[in-house]
Amino acid sequence: FMKSKQCLEIGKIQFSFVDSENPKNHIDVYMSAEEFGALLMSSVKNGFLFKALISEKGKGDKYPKAVWVSPIGGNGTGNNGKPISRYFEISPSTTSEVLFTAYCFPAERSSTGAFIKIKGSKPLFALRVACSFNDLKILQYKWSFLESDYMSKKYSLKNMTQMRSQEGPDKKTDTPISEQGKEKTSTNSFSYNSGDDDVPFVGTDNTKPSNDKENLIETKMATIKLVATSVLETVPGKNIKVCHVTEDSIEKRLICLMDKIADSKKFEQFENQLYQRVSSKHSLEFKAEVVKKGNDLYFTKFA
């Protein structure tokens with residue numbers, strides 16, 4: 001079976017495919033809310049997807065080709081602790097109108113942290129779920145209510161103005177308009193790597209790692225209990241990693257100063273726990289040296 005779940009607290013829609021005979025075989029594919037609405041739900045609403053399914057099925061092939069493929073993402077602990085790449089595709093079904101097929105491949109981590117399918121590899125397993133086109137229309141209808149509320153708040157004039165004000169006054173630039181805004185992102189705006197769907201959204205500026213490292217005050221080891229709402233993402237050009245967390249129901253950022261974390265094995269264990277806890281929303285407890293500055297948590301050492 002397949003469940004579609006809204007995870008809008010991290011800006012995502014989750015497609016969870018499960019083998020009912022062996023629930024250990026499951027594939028979770030994440031899409032950003034923007035991708036889900038603009039790429040998939042819009043094609044359901046305007047009938048484009050249905051026309052494509054009918055056209056492909058009309059060719060009479062024994063195995064019809066896919067007419068829609070989701071963005072490819074991955075996970076660091078899916079294949080016995082090894083990286084995986086995963087996505088799903090939509091094609092005509094021989095028993096119904098629509099067939100979802102989810103794939104799970106062995107993967108490698110790229111330098112940017114994305115999970116890339118190993119070239120020439122075969123899928124570890126695939127899960128197929130058939131449904132009617134009316135099921136997709138009902139899904140689109142339900143999404144229309146969430147979309148209106150979520151998108152209007154996220155892209156409201158007030159929110160965008162706040163984001164703009166945090167970037168500081170306008171400065172003259174010779175950068176083409178199409179490239180402006182890519183070098184700097186405010187703490188309320190987000191970067192998204194469509195090649196890594198388990199790294200949801202991470203603000204990438206105002207961390208100022210070089211200055212912060214100089215000003216950090218050494219603290220004693222403390223037990224930190226928080227809920228991770230995104231996994232760690234490497235900030236381009238910086239030797240730090242950032243993820244969003246909540247501590248005592250307050251949204252914060254956890255900033256890892258990588259050049260100060262000497263115990264790579266403990267850090268890898270911590271990172272693996274983050275991947276496992278993000279989707280389940282379970283709290284994460286660890287003992288580390290943590291410095292709190294505003295709503296940012298910096299840590300450099302593990303117990």
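The values are calculated or read from the model by the stated rules, or taken from the named source; none is laboratory data. These numbers come from a predicted model, not from an experiment. Each accessible area value is taken on the protein alone, full model and side chains, heavy atoms only, with ligands, DNA and RNA left out. Shrake-Rupley method; radii C 1.70, N 1.55, O 1.52, S 1.80 Å.
Numerical summary
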| item | result |
| --- | --- |
| Accessible area in the full protein assembly, largest first, 1.4 Å probe, for Asp19, Asp135 | Asp135, Asp19 |
| Exposure ranking of Lys45, Lys260 by accessible area [1.4 Å probe, largest first] | Lys45, Lys260 |
| Ranking by accessible area, most exposed first, for Tyr298, Tyr63, Tyr87 with a 1.4 Å probe | Tyr63, Tyr87, Tyr298 |
| Exposure of Thr95 as accessible area (Å², to 10), given a probe of 1.4 Å and all protein chains | 120 Å² |
| In Å², nearest 10: area of Glu271 left accessible to a 1.4 Å probe | 20 Å² |
| Carbon and sulfur %, accessible surface of the stretch 15-80 computed with the full protein complex present, 1.4 Å | 53 percent |
